[in-house]
Amino acid sequence: IGSAKCEIGNYVQQTLDGGYIIVGQVRSCLDDSECPPDVYLLRTDATGNRLWEKRYGGPGWDAGYFVGQTLEGSFILVGTTFSDTHGNGDVYVVKTDSQGNLLWEKTYGGARAQRGWHGTLTPDGGLIIVGDTVADGITRVYLLKLDRAGNVLWERQYGPGEYNYGYHVCQTSDGGY
C-alpha cells in the first residue's frame, strides 16, 4: 500500500470461530539497520480476509514465533526480543484481548541470551515455552513454565553438548512435556 513493509508469518493457528491468527514479524522498511522488526499479529476470518493487525515490541529487533488462543478468546504470543536486553536477547511473551489490544507483555532472561521459539497453552491456564539459552559458548534447550498471569513457575535447561536447541513443545498424556 505504498510502503516498503516486509511482513513474515512464522506461525498460524485456527481460532475458535474458524478464522486464523498469524504471528511473525514486520518491518516498515527493507533495510534491517534502519528499522528492526516488531512482532506482527494478523487476524483473519475463515476465508482469509484481514480483520485486524497489530505490532508489539520496542526499539530493537523483535519477532513472534508462536500464538495460541485461550478459551476466553485472548491471545498469547511467544517470541524473542532484543529491545532493552543489552544485545543478549530475551524470551518475549505478549497477552492481548480478542481484538489484539495489549493486556500485558513480559520478558524472561538475564545476562545470558534466551530465545523463545514455541509455546503451548496448558490445561491450568498457563503456558509452557521452549527455546534456547546461550552462555559461555554453550547452547542449551530452555524450558519455561508460566502461570496465566505470566509469572514464572519454573525453568529448566537441558543438553549435554555444546549445541542444543528446542523448537517445539507439547504436553504429554502423563502431564509432562
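The values are calculated or read from the model by the stated rules, or taken from the named source; none is laboratory data. None of these values were measured; they are calculated from a predicted model. Note that we place each Cβ from the backbone using ideal geometry, even for glycine, and neighbour counts take in every protein chain shown. In case anyone asks, the SASA skips ligands and DNA or RNA and just uses the protein heavy atoms, side chains included. Shrake-Rupley method; radii C 1.70, N 1.55, O 1.52, S 1.80 Å.
Give, in nm to one decimal, the length gained when the segment between Arg156 and Gln13 is fully stretched (0.36 nm per residue of separation minus the Cα-Cα distance).
Answer, rounded to one decimal: 48.8 nm.
If the only charges are +1 at each Lys and Arg Cβ and -1 at each Asp and Glu Cβ, what is the size of the charge dipole of the stretch 25-177 around the Cα centre, to the nearest 20 debye?
200
Relative contact order of the stretch 34-177: what whole-number percent is it, with Cα pairs under 8 angstrom and at least 6 residues apart?
The normalised contact order for the stretch 34-177 reaches 14 percent.
Please compute the Kirkwood hydrodynamic radius over the stretch 125-177, one decimal place, Å, based on all pairs of different Cα atoms.
11.8
Given 4 °C and 1.567 mPa s, compute D for the chain with the Stokes-Einstein relation, Rh being the Kirkwood radius over Cα pairs; round to the nearest whole µm²/s.
It diffuses with D of about 78 µm²/s by this estimate.
Which cross-chain or sequence-distant (5 or more) residues have an amide H under 5 Å from the amide H of Tyr177, H modelled 1.01 Å from N in plane?
HN-HN under 5 Å from Tyr177: Thr172.
With N set to the number of residues, divide the alpha-carbon radius of gyration of the stretch 39-127 by 2.2 N^0.38 Å and report two decimals.
1.11
Calculate one ³J(HN,Hα) per residue across the stretch 100-116 by plugging θ = phi - 60° into the Karplus curve 6.51 cos²θ - 1.76 cosθ + 1.60, and present them in order as whole Hz with x for glycine and proline.
x, 6, 4, 9, 7, 9, 9, 10, 10, x, x, 5, 7, 7, 10, 10, x
Working with all protein chains in place, sort Trp52, Trp154 by solvent-accessible area computed with a 1.4 Å probe, largest first.
Descending accessible area places them as Trp154, Trp52.
Whole-Hz ³J(HN,Hα) for each residue in the stretch 72-78, computed from phi via Karplus 6.51 cos²θ - 1.76 cosθ + 1.60 with θ = phi - 60°, x for glycine and proline: what do you get?
7, x, 6, 10, 10, 10, 10
Taking amide H positions as placed 1.01 Å from N in the peptide plane, with prolines and chain starts having none, which residues 5 or more places from Ala113, or on another chain, fall under 5 Å of its amide H?
Residues meeting the criterion, in which the H sits 1.01 Å from N, are Val134.
What span do the alpha-carbon atoms of the stretch 87-146 cover on each of the three principal axes, reported in whole Å from largest to smallest?
Cα spread of the stretch 87-146 along its principal axes, largest to smallest: 41, 26, 14 Å.
With a 1.4 Å probe and every protein chain kept in, tell me what percent of the accessible surface of the chain is carbon plus sulfur.
Summing carbon and sulfur atoms, their accessible area is 51 percent of the total for the chain.
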